[in-house]
Amino acid sequence: MPSLMTVPAQSEQQKFSEKAGQKCSGRSQGGLAHNDAKYGRSANPPIITSTTCVGTETDISICPATRVTPAQTSCDQAGVECYNCGNQYSSEAGTLQSDNYPQPYPRNVHCLYIIRPTNTGQLYKLEFSDFKTESCCDIVHVATLNSSSSIPVGGSTYSGSSKPPILLGKAFVVSFDTDGSNNMGGFQATWSPALVQDVVNMSCDAGTFNIQIDLTFLKRLYPASSERTIALADSSCTGTIINDNIVIKTDADSCGTIVKTETDRHVYTNFLVDRIFATESNNIVRGERWKIPITCSVPRSESFSIHYHPYPDVGTRRRSEVERMSREVKGHIRVQQNFPTSISVFEDQAMTIRQFTAPQKRLGEDLFFRVQLDQADSDLKLVVTSCFALPTYLETTSSTKYILAQEGCAVDSGTHILRTTNHHTDFQMKVFKFAGNYNTVYITCDVRVCPVTDNSPSCQQTCTSPGKRSSERNTGTNRVRFGPVIVEDLPVS
């Protein structure tokens, strides 16, 4: 029977727990510390503030220790549980097997397996690939561990051939108790860093995507994730919360899905993504917490499963898309009116390295662009009144327009005016993309060309409050455009 004691403070309890795996007895291979009087409460237990066991003791009460009998016992009472087989692991990934696996496991043993990877900031998964025990008599207990001690947190017991579910945690403990008879092979499990795929379950039939995301486990990986930020390629294809799961059910050929028809099947590709939206607009995506590409292969009308793997043709698709857009761009897209003005993109903040092809950027990268008079004229000056972004080249009445600058002021939190001269204004912009199945951004700026001697408010490159700038239209106005900026949309690994 494990010894019973009282621990006066959490620090002492942790100190004792760290020793429990090494100081149980001369024939023990490990142990666990328990609190909350797991083995019963003593009426007047001693307080142990330190132990000096050497490892040959048959009971912890034999170990030299500092003991005090308190006048009142309001402290936690703890116990020690010793084991005679097992192992401890500290690697980032590995395989756990019961003793003698896959041959019949030993009889009459009390085994303990502790998995405590050294990266305490990482969340790990424990998954059983094989599980064969006697349902009548042999018990496996699986639980997570406190990262700083050997105290199990919760857990469940299993026997027979039903595999335990996937467990997420910083550290794990598996205990195994057997009786005097056995001809079963035992169990095998693997642990590795947890991925978002581990909390997503998907299936689909010939016409429907069925996606379930375990919200409790997902919050442990990505606390900011929610049903409002997770969707398919089309950001409007979100889910609802049902029994603590985010459930997305939609037609397989909608929500931005790409359908490819082969000889004997249809192949549907899409991705599930957790977007980080701009505070200014729910239509602007600043970044992505995670992304899972999904592929459904439908052999005629039969059921099928979704498999996780990167799009096989993404490189080819991206290159051909860039080439097509480069042909459409042909340098700069602009509408000239009275004076030749343009937008140029540069690779550096100092605006010394000009980029002549359609820029490819990842979310959150810096884009440096200059709005300029094409020919410097000492008698003229350029004023940028506003800039906005579109997901496509064509601007219609229903286009989604996102304002970058207005009345000479940068209004987008990721856009800044770097410098101005009479002939150009330089901008720095954190790359974003539009919600929906878009990966291009087109920039449009309204500019005014004024005589250099005109000091009226409408001809000053200053940031003024809306409505303060004069509505007077000066000679020489332009709307200039640049695009596309191609926002990289490669699946994450």
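The values are calculated or read from the model by the stated rules, or taken from the named source; none is laboratory data. Here the structure is a predicted model, which means the values were calculated and not measured. Cβ coordinates were reconstructed from backbone atoms using ideal geometry, including for glycine residues, and neighbour counts include every protein chain displayed.
Within the stretch 352-375, restricting attention to residues that are of a type in the set (A, V, I, L, M, F, W, C) and crowded, with 19+ Cβ neighbours inside 10 Å, which residue is farthest from Phe432 (Cα to Cα)?
By that ranking, first place goes to Leu373.
Can you give me the number of residues within the stretch 230-251 that are part of a loop (DSSP other than H, G, I, E, B), buried (at least 19 other Cβ atoms within 10 Å of the Cβ) and touching an Asp or Glu at 6+ places or on another chain (Cβ under 8 Å)? I'd like the intermediate steps shown before the answer.
The first filter runs over the stretch 230-251 and keeps only residues part of a loop (DSSP other than H, G, I, E, B), leaving 232-239, 243-244.
Keeping just the survivors that are buried (at least 19 other Cβ atoms within 10 Å of the Cβ) gives 232-233, 235, 237, 239.
Then keep just the ones that are touching an Asp or Glu at 6+ places or on another chain (Cβ under 8 Å); that gives 239.
The total comes to 1.
If you take the residues of the stretch 172-187 that are of a type outside the set (A, V, I, L, M, F, W, C) and under 12 Å from Cys85 (Cα atoms), which of them is farthest from the chain's Cα centre (by Cα)?
My answer is Thr178.
Looking at Glu92, is it touching a Pro at 6+ places or on another chain (Cβ under 8 Å), over 21 Å from Leu218 (Cβ atoms) and either not assigned by TED's automatic domain parsing to the domain that holds Arg220 or not in a loop (DSSP other than H, G, I, E, B) (or both)?
Values: touching a Pro at 6+ places or on another chain (Cβ under 8 Å): yes; over 21 Å from Leu218 (Cβ atoms): yes; either not assigned by TED's automatic domain parsing to the domain that holds Arg220 or not in a loop (DSSP other than H, G, I, E, B) (or both): yes.
Taking the combined requirement at face value, the residue satisfies it.
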